[in-house]
Structure formats: C-alpha cells, structure tokens
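The values are calculated or read from the model by the stated rules, or taken from the named source; none is laboratory data. Remember, it's a predicted structure, so these values are computed and weren't measured experimentally. Neighbour counts are summed over all protein chains in view; Cβ atoms, including those assigned to glycine, are modelled from backbone coordinates with ideal geometry. The area values use the complete protein model at the heavy-atom level, side chains included, leaving out ligands, DNA and RNA. Shrake-Rupley method; radii C 1.70, N 1.55, O 1.52, S 1.80 Å.
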Amino acid sequence: MLTINKVSKTFGGLRAIDDVSLNVKQGQFFGIIGANGAGKTTLLNLVTGYLPPTSGTIEFEGKPIHGLPPYRVAHRGIGRTFQITQPFAEMSVLDNVMTGALFSSNGARRSLQEARAMCDEPLRLVGLTAQADLQAGALTLGGKKKLELARVLATEPKLLLLDEVMGGLTRAEIEDLMISLRRIHAAGTTVVMIEHLVHVILDLCDHVFVLNFGRELFRGTPNDVISHPEVIEAYLGKPLTAAERA
Amino acid sequence: MSTRSLAIPVWAVCALVLLLVPAYGSPTFVDLAFRTASLIVLAISWNLMASAGLISLGHSAFFGLGGYVGILSANLLGAPFWLSLVGAVIAGTLLGSGLALITGRMRGIYFAITTLAASEGLRVIAVMLPDLTGGAKGAYLKAATFPGVLAINLAMSLVAVAACIIAWMVSRSRFHYAFRAMRANEAASQMLGIFPLKYRTAIMALSGGMASLVGGVEVWHGGYLDPAVAFDLHITITSQIAPILGGIYTLSGPILGAIATVFLGDATRIALGHLQGASLLVFGLVLVFCVLYLPQGIQGGLLRMLGKRPSEAAAEPKLSPTVATGAAKP
Ligand SMILES: Nc1ncnc2c1ncn2[C@@H]1O[C@H](COP(=O)(O)OP(=O)(O)OP(=O)(O)O)[C@@H](O)[C@H]1O
Ligand SMILES: [Mg+2]
C-alpha cells in the first residue's frame with residue numbers, strides 16, 4: 001500500500017533519513033520506534049509532502065506521491081496526526097473535526113449538515129463528545145492529541161499515520177484510545193504508528209520497524225524486536241521485564 | 001425574545017434605513033449614510049481577507065483601481081454608471097486573485113508588505129501616466145450620461161447591504177471552515193485536504209472586487225480623481241480600523257466599527273479640524289485602546305454587556321499584522 005524506496009533526507013550535513021526502504025501492506029498495524037531524533041517524524045513529513053526527499057521514491061497504492069503537496073497526499077487517502085499538536089485553536093472542537101469532514105477527497109460533495117453528522121463517530125471514538133463545543137485552544141495537551149486523531153479520522157483515511165498520539169495522555173485514556181485504535185483498524189484502516197510507549201506498540205502492532213540515526217536498525221514482529229540485542233542496546237536500554245511486556 | 005432572534009429584524013431595519021436615507025434624508029444624513037456605507041463595504045472586504053489570515057495593508061490599491069477603472073471607462077469609453085461599476089468589480093477581482101497568486105504562501109508581515117507595495121506601485125503608475133490618468137493633477141469625470149446624485153447614493157447603500165449579505169453567506173458556508181483553519185495554521189490545514197491557494201484566491205478575488213466597487217461608486221460621487229485621492233493611506237487605515245474597532249473576524253464587527261469610525265472621524269474634524277493629520281492620530285490612539293481594553297471590539301464589548309460569551313470567532317482575536325504566521329512545525 002505504502003512503499004518507501006531508498007529514501008534519504010539530509011538537512012545540511014545531517015542525514016536525518018538515510019536510505020530507508022519499507023513497505024506497509026494493506027490492513028497492517030505498523031509500528032515505528034526509535035530513540036529521540038532517530039528521524040521518525042521526518043519520515044512522516046516525507047510521506048505526507050511536508051518535506052521533499054533528497055533522494056528515493058515514495059508510492060501509495062502503486063502511484064508515486066513524493067513531490068505532491070500535503071493536501072494532495074491527503075486527498076489520496078493518507079491521514080496524519082502531528083506530534084506537536086496543531087489544533088485550530090479559535091475553532092470549537094466540533095468545527096475542527098468538521099473541517100476534516102469537509103475538505104477530504106469526499107468532503108467536497110458534502111453539505112455542512114452532512115459533515116456535521118459525520119463528526120459524532122470520531123468524537124466518540126476519541127472520547128471528546130462532551131467537549132465538542134469547547135474551544136480547541138482550551139483543551140489539555142491530552143485533549144489536543146485526541147482532537148488531532150478525531151480530526152484526521154473525519155477525513156476517512158485509508159492509511160492513518162500517527163505521530164505519538166498517546167503522548168500526554170493518562171493511563172486510563174491510553175487504554176481507551178488503544179481500544180478505539182483497534183476498532184479503527186478492524187474497520188479497515190491501515191495504521192502506521194510512531195510511539196515511545198513500547199507496551200502500546202507490542203499490544204497493537206503486527207509489524208515493527210526500528211529506526212536508529214535515520215537508518216533501519218531492524219524490522220520484524222513485536223516479539224522479534226524486543227528480543228533483538230541491537231534494539232535492546234540502541235533503544236530499549238535493557239531487556240524488557242515480563243511486567244513491561246504486558 | 002432572545003438577542004439572537006432579535007438580531008435579524010434589527011439588521012433588516014438598519015438595511016432599510018440605509019436604503020431609504022438617499023431618497024428621504026436631509027443632505028447631512030445622505031452624506032453620512034454614503035460615507036458609512038462606503039466604509040462598511042471596505043471594512044467587510046478587509047475583514048474577509050483577515051478572516052483567512054491575510055492582513056492587508058494596502059486596501060487603497062483595490063479602492064484606487066476601482067476608481068480609475070470607473071473614471072477611465074466613463075471618460076474614454078463612454079461607459080454608463082452601472083457598466084463602469086462592473087468594470088471596477090472585474091478589475092478588483094483580477095487584482096485580488098493576481099495578488100493571491102503572486103504572494104503564494106506568504107503570510108503575516110510579508111503578505112502585508114506586498115499589499116502595501118501593490119498600492120504604492122499603482123499610485124506611482126497613476127502618476128506616471130498623465131495622458132491617461134491626468135497624472136498628479138488628476139482628472140474630472142466627464143460622463144456622457146450622469147445617473148443623478150440619488151442613484152449614486154442609492155447604489156452605495158445597495159452595495160453595502162449586498163456586502164453584508166455576502167459576508168453572512170460566506171460565514172454559513174464551507175469557506176468559513178477553510179478560512180479559520182488557514183488562519184490558525186495553513187500548513188496543518190493542508191493535511192485535512194485544504195488547498196490554501198484556492199481559498200486565498202477566492203477570498204482575495206471577492207474582497208478585491210468589493211473594495212474596487214466602492215472606489216468605482218466614489219468616483220461618480222466625487223466627480224474627480226487623482227493618485228493621492230485614489231491610493232490614499234487614509235482608505236487603507238480606515239478599512240482596517242473599522243473591523244478591528246468593531247470586532248475582527250465577526251459579522252457585525254465591521255458594520256459597527258464603520259459607524260464608529262465615521263463618527264470618530266467627524267468628531268475629530270469638528271474638534272481639531274485645523275490640525276493636519278489629527279484624525280490619523282485619533283485612529284492610532286483608538287487602535288491602541290482597543291488592543292489594550294477592547295480586544296474583541298465593540299461587538300465583543302456589547303456581547304459582554306448583554307452577559308453573553310463572545311462568539312467563538314471573536315474569542316481570541318490577534319491584532320498584530322503577523323497574525324497566524326505559525327506554520328506547522330511538525
Ligand atoms: N526541518 C528540519 N531542519 C533541520 N533539521 C531537522 C528538521 N527536522 C528534523 N531535523 C533533525 O532531524 C533529526 C530527526 O528528527 P525527527 O524529528 O524526525 O526525530 P524523531 O525520531 O521524530 O524524534 P522524537 O522522538 O524526538 O520525536 C533530528 O536531529 C532533528 O534535529
Ligand atoms: Mg518525532
């Protein structure tokens with residue numbers, strides 16, 4: 001579905017992404033992990049058109065998407081949340097989500113009422129129904145993360161790219177959001193998830209890609225990854241205990 | 001009756017008054033209504049652009065262009081009143097969309113300076129083409145058929161009412177969502193499928209057409225135009241003072257602000273008429289006062305007096321020209 005082929009990105013002298021190739025298949029729940037500064041967000045910026053790759057190609061559903069501006073990438077069916085939340089602060093939570101429903105590839109044909117009606121489900125899935133009329137800028141960090149997700153869900157993406165959506169959430173909220181993500185995935189959305197919380201990745205993902213200094217360190221199933229010595233050294237620091245795996 | 005259900009009849013009465021004054025008002029009132037109507041349109045035009053995060057510092061560019069298209073089409077082509085207005089709207093629309101394409105992704109202060117440069121550039125062109133425009137000496141309108149003072153005054157009232165209706169329609173459309181999203185964060189809005197340039201071009205075309213139409217009507221009203229009148233800094237300033245004073249990003253703000261600005265301008269002229277630039281000084285002070293004490297303008301102040309939360313659109317206004325420069329730092 002998403003094919004990243006020998007992609008590199010340099011910022012001045014820094015090789016933020018160095019010859020990375022990966023392939024996300026339809027229906028996968030794909031995890032990307034890596035230490036701070038490994039290049040995870042940069043990789044999403046390359047896929048979504050916020051940055052042009054220095055070299056390499058990116059294809060979505062068999063068609064190249066590198067070089068497309070972000071709104072066209074979005075129209076192809078790729079949705080993305082931002083690690084640093086980007087709410088439209090002066091708009092209500094509901095209006096933020098409606099914006100997603102109005103301007104997606106199907107959105108042009110929707111009336112305001114139809115778009116409004118589509119927002120209930122995403123708001124419910126992320127648990128923001130009660131805050132729908134609140135100003136987005138007034139939400140807590142956790143609330144803004146949820147809003148990022150609700151807003152992109154309203155665009156009905158085929159491929160959902162999540163950049164640390166769990167950051168800033170409480171334990172209970174994380175549990176709830178994991179249930180929602182599982183449901184979104186079960187409903188047919190392919191998910192690529194960047195996450196620092198290892199137990200979330202282990203729980204949700206069927207495939208994990210480990211990025212280290214912009215390069216591929218390892219890929220495999222969650223269990224392969226956490227028992228791989230290089231990953232332990234570079235990223236986890238020490239082998240996970242049974243409790244941490246759970 | 002709630003304030004909301006009262007709003008529509010109140011506005012309808014205001015519109016009716018504005019449309020009746022040209023025919024039945026005393027000369028003072030007719031003049032007052034004309035100037036207020038003119039500023040209402042300019043303020044709505046400026047506010048529309050601002051609502052998409054585009055702060056114009058050159059609204060006189062549209063105004064002046066409309067004026068010149070009006071006078072030149074009448075003098076050189078013998079165009080009647082209404083046709084010269086059509087020409088003014090088309091010219092303003094083209095200038096607006098052209099500026100949108102030229103400024104591309106420019107935001108905040110860079111965008112503002114480009115609009116300022118456009119206005120200055122047009123003024124210089126008008127000065128440098130004396131054969132066409134009369135140069136710095138200006139030109140008088142020599143229309144073959146003069147529509148009459150009543151028609152011109154009425155036209156301005158009609159344009160003002162139309163501008164209010166257009167602004168209201170925009171606020172009830174999908175554009176309202178695109179504009180606010182772009183104003184908040186143009187880069188992030190793209191990930192939801194918004195193509196900013198499309199909406200920028202649309203709003204600048206609309207806004208430019210409106211402001212040029214005012215210039216077109218004004219030249220028939222005044223009967224004279226020179227580059228200093230057409231591209232007057234005063235137009236640029238009052239076009240933005242009015243919405244900021246009334247309540248930026250809101251529907252009623254530009255209207256309330258235009259009324260207040262005309263009133264302020266007249267009061268200043270009566271009190272300090274002999275002082276050159278006194279009105280600009282007063283506007284400057286009022287602007288500072290607004291930023292400090294009335295950040296949501298008259299509209300926000302009124303709502304607060306009525307014990308209501310200001311509307312969401314007005315709740316967090318940013319008044320600096322660098323509004324929403326925040327590109328997504330993903
Ligand atoms: N626009 C940019 N210009 C210059 N350098 C950048 C830019 N974006 C990222 N970098 C650099 O690229 C490297 C990778 O950054 P990136 O944000 O992709 O890491 P990350 O894996 O997402 O980290 P984190 O876990 O902290 O979010 C970092 O060294 C960063 O400083
Ligand atoms: Mg990151």
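The residue that is nearest to the other protein chains (Cβ to nearest Cβ), counting only those in region A:55-65 that are closer than 17 Å to A:Ile17 by Cα and over 18 Å from the mean Cα position of the chain (by Cα), is A:Gly56. Restricting region A:24-55 to residues that are open to solvent by 70 Å² or more (accessible area, probe 1.4 Å) and either polar (S, T, N, Q) or not assigned by TED's automatic domain parsing to the domain that holds A:His66 (or both) leaves a set whose member that is nearest to ligand 2 (Cβ to nearest atom) is A:Asn36. For region A:80-102, name all the residues that are open to solvent by 10 Å² or more (accessible area, probe 1.4 Å) and in contact with a Leu (Cβ under 6 Å, 6 or more places away or on another chain). Passing the criteria: only A:Pro87.
If we scan region B:78-92, do we find a residue that is without any contact (Cβ under 8 Å) to a residue 40 or more places away in the chain and small (Gly, Ala, Ser)? So far as region B:78-92 goes, yes, one or more of its residues are without any contact (Cβ under 8 Å) to a residue 40 or more places away in the chain and small (Gly, Ala, Ser).
For B:Ala74, state whether it is over 22 Å from B:Trp220 (Cα atoms) and touching a residue at least 12 places away in the same chain (Cβ under 8 Å).
No.
So is B:Asn185 in contact (Cβ under 8 Å) with a residue 12 or more places away in the chain and closer than 28 Å to A:Gln135 by Cβ or not?
Taking the combined requirement at face value, the residue satisfies it.
For A:Leu102, the conditions (1) more than 28 Å from A:Gly188 (Cβ to Cβ); (2) more than 12 Å from ligand 1 (Cβ to nearest atom) all hold with the exception of (1). Scanning region A:33-67 for residues that are of a type in the set (D, E, K, R) and either within 12 Å of ligand 1 (Cβ to nearest atom) or free of Cβ contacts under 8 Å to residues at least 40 places away in the same chain (or both) gives A:Lys40, A:Lys63. The residue list B:Leu39, B:Leu48, B:Leu57 contains one member that is part of a loop (DSSP other than H, G, I, E, B) and open to solvent by 10 Å² or more (accessible area, probe 1.4 Å), which is B:Leu57. A single member of A:Pro69, A:Pro64 is away from ligand 2 (no atom under 13 Å from the Cβ), touching a helix residue (DSSP H, G or I) at 6+ places or on another chain (Cβ under 7 Å), not β-branched (Val, Ile, Thr) and not assigned by TED's automatic domain parsing to the domain that holds A:Val152, and it is A:Pro69.
The residues of region B:203-224 that are open to solvent by 10 Å² or more (accessible area, probe 1.4 Å) and more than 30 Å from B:Asn185 (Cα to Cα), listed by number, are B:Leu213, B:Glu218, B:His221, B:Gly222, B:Gly223, B:Tyr224.
Matching residues to (1) away from ligand 2 (no atom under 16 Å from the Cβ); (2) assigned to a loop (DSSP other than H, G, I, E, B); (3) without any contact (Cβ under 8 Å) to a residue 40 or more places away in the chain:
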| residue | (1), (2), (3) |
| --- | --- |
| A:Asp133 | yes, yes, no |
| A:Gly137 | yes, no, no |
| A:Arg151 | yes, no, no |
| A:Leu169 | yes, yes, yes |
| A:Gly188 | yes, yes, no |
| A:Phe209 | no, no, no |
